[in-house]
Amino acid sequence: MLNSHLLVIDLETTGTDPNNHQILQIGAASINPYSLDVSHPWSCYVAPESWNHVSQEALDINRLDRRFIEANGVPLSHALTELSNLVDQDTKPCAWGINFEYPFLKTAFDREGIRFPFSYRWIEARTVAWMYTTLTGPGSMPKLNEFVEYLGLTFVGREHDAGSDAYNTAIAITEVLKRLASSDARGHAQSLIG
């Protein structure tokens, strides 16, 4: 079904601007291309170099606070190296919002002087969700928790936790792939395209 493994990545940050804000947490979950099994999520908290540019709204959304991050976070270079160790030449990166994750990661890798391990060919999970809901129902652009619920799955962990969000995105993507592989879904898709 897949020819290379997908590495679903999620970030929690101090804001929305990769040039001024910093990564607080990186999460990832891998999808096996043959079995569609999802790995146990990997997650790492990152201690920012500075707390100068912090959006309180971002901290409220991801429910992280300075004391927790300072006690549990590692240097950014350590977190990026660990993330790089999850990547091989056949890895296809995937995110629920690549327009957010990609610039933050690219900026962080460049800032730390570490080779960026990902190709420019990312899979946008949110678009997969929109396409699937268009084929099967409302055709809306759901939030991750809404899409998981739409699929009849239970959200595992806490929303806006990078490890939980990466894992739930991976579970949702595998569920869509399994459903599309069924003959009913293929027939429905064929009827839509004529």
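Report yes if residue 152 is loosely packed, with under 14 Cβ neighbours inside 10 Å, assigned to a loop (DSSP other than H, G, I, E, B) and either touching a strand residue (DSSP E or B) at 6+ places or on another chain (Cβ under 8 Å) or not aromatic (Phe, Trp, Tyr) (or both), otherwise no. Criteria met by residue 152.
For the stretch 14-29, a tally of residues being at pLDDT below 95 and open to solvent by less than 10 Å² (accessible area, probe 1.4 Å) returns 2.
Taking the stretch 82-131 as the range and being open to solvent by 70 Å² or more (accessible area, probe 1.4 Å), under 13 Å from residue 18 (Cα atoms) and out of contact with any Phe, Trp or Tyr (no Cβ under 8 Å at 6 or more places or on another chain) as the test, the residues that pass are 99, 111. In this structure, residue 68 qualifies as more than 20 Å from the chain's Cα centre (by Cα) and of a type in the set (Phe, Trp, Tyr).
Residues that are surrounded by 15 or more Cβ atoms within 10 Å (Cβ to Cβ), of a type in the set (S, T, N, Q) and part of a helix (DSSP H, G or I) within the stretch 51-80 comprise 62, 77, listed in sequence order. Residue count for the stretch 132-147, restricted to those that are open to solvent by 60 Å² or more (accessible area, probe 1.4 Å) and in contact (Cβ under 8 Å) with a residue 24 or more places away in the chain: 1.
Residue 120 - would you say it is without any contact (Cβ under 8 Å) to a residue 40 or more places away in the chain, assigned to a helix (DSSP H, G or I) and under 25 Å from residue 77 (Cα atoms)? No; evaluated as a whole, the condition is false for this residue.
The values are calculated or read from the model by the stated rules, or taken from the named source; none is laboratory data. Note that the structure is a prediction, hence the values are computed from the model and not measured. Note: ideal-geometry Cβ built from the backbone for every residue, glycine included; neighbour counts use all protein chains shown. Just so you know, the surface numbers come from the protein's heavy atoms only, side chains and all, with ligands and any DNA or RNA stripped out. Shrake-Rupley method; radii C 1.70, N 1.55, O 1.52, S 1.80 Å.
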